[in-house]
Every structure is written in structure tokens, then in C-alpha cells.
Amino acid sequence: QNYGVRYYFDYPVSAPIARVINISPGGNVFNVHYTAGTNAYNWTAAAIDDARAKGISWVFVTMHENCISTGTKSCAFSSGIETDLMNLLISKKVDVVLQGHDHNYQRSKQLRCATVGSYNSSCVVGSGNSYTKGLGTTFVVNGLGGVSQYTINTGDSENGYFQAWNSSGYGIVKYTVSDNPMQLTGQYIPSSGSYTDSFVISGSGGPIPTPSPAASSSPTPTRSPSPTPRSSPTPTATPRPTSSATPAP
């Protein structure tokens with residue numbers, strides 16, 4: 001819709017198995033808010049539904065700021081990060097939400113809901129390092145790109161939503177996706193320090209979410225008519241030349 005602000009791309013282009021939806025809630029970019037019913041909110045919902053309707057296996061949503069955190073940042077309406085947006089992504093069962101803002105690393109458990117400012121254990125549908133596709137959403141915050149680190153607060157009221165965290169060193173997160181087998185892996189790779197983390201989401205045993213209403217059924221195949229046999233032409237006799245007498249010299 002607006003490259004660099006709100007857009008998506010599919011990977012790979014020819015036969016995509018993943019869609020990456022990039023949005024920019026926050027006052028730094030046109031002061032865009034994502035409350036329910038706004039153009040930005042509706043566009044994001046439609047981009048997710050479109051990916052599901054096209055059979056794209058994996059859906060990522062990326063943004064700069066975060067809502068739940070066990071770091072120093074908070075979910076603030078003034079910055080455009082509203083609970084409406086977080087709830088939308090969870091309700092649509094986006095596979096992974098990528099965020100920054102907090103200069104640390106945080107990986108959530110797999111969530112079917114989240115309450116800002118408090119921990120609700122019934123929201124957790126998967127913990128540890130292995131999740132089942134289609135049950136919930138995983139949030140990954142990585143702000144360890146090279147600027148000074150922010151602290152982790154294990155006493156934070158939202159800490160219970162998180163599985164792993166780190167605030168030392170720097171690094172990136174590598175994602176690998178496949179649809180045969182149905183699997184997504186995330187791996188924190190340090191560029192400094194020794195901290196590592198990894199998780200996997202697998203499709204075994206879990207339904208792949210579909211948009212509501214469901215996509216239209218496949219068209220009924222049309223039988224091709226059988227070709228009419230062509231009769232072989234009757235061969236025509238080639239006339240034999242009549243010899244003429246050669247006059248005597």
C-alpha cells in the first residue's frame with residue numbers, strides 16, 4: 001500500500017510459502033494508529049486473510065515497536081501500538097510477529113491471547129522450544145542490532161508470557177520456512193557474546209488457519225470431449241504412363 005510504511009511481499013515469488021507483512025504503527029511515521037476500524041487496521045487484516053486464501057503457509061508481521069514486553073518498553077496508545085493491533089494479530093493466528101524497540105532479545109511462548117499489564121496463564125498454548133502450527137502466535141523482539149542494550153525485568157507483570165530473553169551481546173535472528181515438511185525455525189545467531197536461542201513451529205497435528213469466511217471451494221473440473229476419429233483417406237491410383245512407339249530412324 002505504501003512501500004516502507006505499510007506493504008507486504010511473498011517468498012518465493014513464483015510459488016510463495018511465506019508472506020511478510022510490514023507495518024509502521026507509531027508516531028515516527030505519519031502518526032499512524034491501528035485501532036479497530038481504521039484504514040491501517042483493516043488493511044493489515046485483509047493482507048493476512050489474503051495470504052490464507054491463497055494457501056500461503058507462513059505469515060509474518062513486522063513492526064518497530066512492541067506491546068507486551070519483559071524489558072523496559074510498554075504498550076502505549078500515543079505511539080500507535082494499541083492492544084487492538086496485538087489482539088488482531090493473535091486472533092488471526094499470525095505465525096510470528098517480529099518487533100524491536102526494546103534493545104534486547106525476547107521470545108514469547110505461543111499465545112492465543114495476552115493481557116497488557118498482567119499475566120494470564122490461560123493465554124499460553126505452547127511453551128518450551130517446540131510449538132504446533134495453528135494454535136497461536138509467537139512474538140520475537142530483537143533490538144540487539146548494535147546500539148546499547150536495555151535491561152530485562154524478570155519481575156515485570158508480563159514476564160510470564162515469555163520463554164527466552166537476553167540483554168547482552170548483539171545478534172540477528174534467522175528464519176527458515178518450509179511447507180514440506182510444514183516447519184518454521186527461528187535461530188538467534190550472536191555476532192558478539194555467546195547467547196543462543198532457537199525454536200521450531202511444526203504443522204504436525206495442528207490445523208492451518210483459514211480466513212473467515214472460508215475460501216471458495218475449488219472449481220469442478222470439466223471433462224474434455226473425446227476426439228472424433230478421423231477416417232483414413234482412400235488411396236488414389238497413380239496412372240501409369242502410356243509408352244509411345246519410337247519412330248525408326
Every residue from the range 99-116 that is within 23 Å of Asp50 (Cα to Cα) and either surrounded by fewer than 22 Cβ atoms within 10 Å (Cβ to Cβ) or in contact with a Cys (Cβ under 7 Å, 6 or more places away or on another chain) (or both) | Leu111, Arg112, Cys113
The range 9-27: number of residues that are over 21 Å from Val140 (Cα atoms) and either touching an Asp or Glu at 6+ places or on another chain (Cβ under 7 Å) or free of Cβ contacts under 8 Å to residues at least 40 places away in the same chain (or both) | 5
Among the residues of the range 118-132, which ones are part of a loop (DSSP other than H, G, I, E, B), in contact (Cβ under 8 Å) with a residue 12 or more places away in the chain and open to solvent by 40 Å² or more (accessible area, probe 1.4 Å)?
-> Ser118, Tyr119, Ser127, Asn129
Residues being among the acidic types (Asp, Glu) and within 17 Å of Gln99 (Cα to Cα): count how many of those fall in the range 113-163.
-> 1
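For Thr137, state whether it is open to solvent by less than 10 Å² (accessible area, probe 1.4 Å) and at negative phi. Spell out the reasoning first.
On the way: open to solvent by less than 10 Å² (accessible area, probe 1.4 Å): yes; at negative phi: yes.
For Thr137, the condition - open to solvent by less than 10 Å² (accessible area, probe 1.4 Å) and at negative phi - is met.
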Out of all the residues in the range 181-197, which are closer than 19 Å to Leu135 by Cα, open to solvent by 70 Å² or more (accessible area, probe 1.4 Å) and polar (S, T, N, Q)?
-> Gln183
Log entry, pairs with first residue in the range 186-207 being modelled with pLDDT of 95 or more, second being of a type in the set (A, V, I, L, M, F, W, C), beta carbons closer than 6 Å, six or more apart or on different chains, reads Gly186/Val173; Gly186/Phe199; Tyr188/Val173; Ile189/Ile172; Asp197/Ala164; Ile201/Leu184
Just name the residue that is modelled with the highest pLDDT out of those in the range 72-94 that are open to solvent by 10 Å² or more (accessible area, probe 1.4 Å) and small (Gly, Ala, Ser).
-> Ser91
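Got at least one residue in the range 147-160 being part of a loop (DSSP other than H, G, I, E, B), touching a Phe, Trp or Tyr at 6+ places or on another chain (Cβ under 7 Å) and within 16 Å of Gly193 (Cβ to Cβ)?
Of the residues in the range 147-160, the ones part of a loop (DSSP other than H, G, I, E, B) are 147-158.
The next check asks that each one be touching a Phe, Trp or Tyr at 6+ places or on another chain (Cβ under 7 Å); those that pass are 152, 157-158.
Going one step further and asking which of them are within 16 Å of Gly193 (Cβ to Cβ), we end up with 152.
Yes; the residues of the range 147-160 include at least one that is part of a loop (DSSP other than H, G, I, E, B), touching a Phe, Trp or Tyr at 6+ places or on another chain (Cβ under 7 Å) and within 16 Å of Gly193 (Cβ to Cβ).
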How many of the residues making up the range 42-61 are surrounded by 20 or more Cβ atoms within 10 Å (Cβ to Cβ) and either touching a His at 6+ places or on another chain (Cβ under 9 Å) or not polar (S, T, N, Q) (or both)?
-> 8
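Would you check if Thr137 is touching a helix residue (DSSP H, G or I) at 6+ places or on another chain (Cβ under 9 Å) and hydroxyl-bearing (Ser, Thr, Tyr)?
Values: touching a helix residue (DSSP H, G or I) at 6+ places or on another chain (Cβ under 9 Å): yes; hydroxyl-bearing (Ser, Thr, Tyr): yes.
So Thr137 fits the description; yes.
The values are calculated or read from the model by the stated rules, or taken from the named source; none is laboratory data. Just so it is clear, the structure is predicted and the values come from calculations on it, not from any experiment. Because the Cβ atoms are built from the backbone with ideal geometry, glycine has one as well, and the counts that use them run over all protein chains shown. These accessible areas exclude ligands, DNA and RNA; they are computed on the full protein's heavy atoms, side chains included. Shrake-Rupley method; radii C 1.70, N 1.55, O 1.52, S 1.80 Å.
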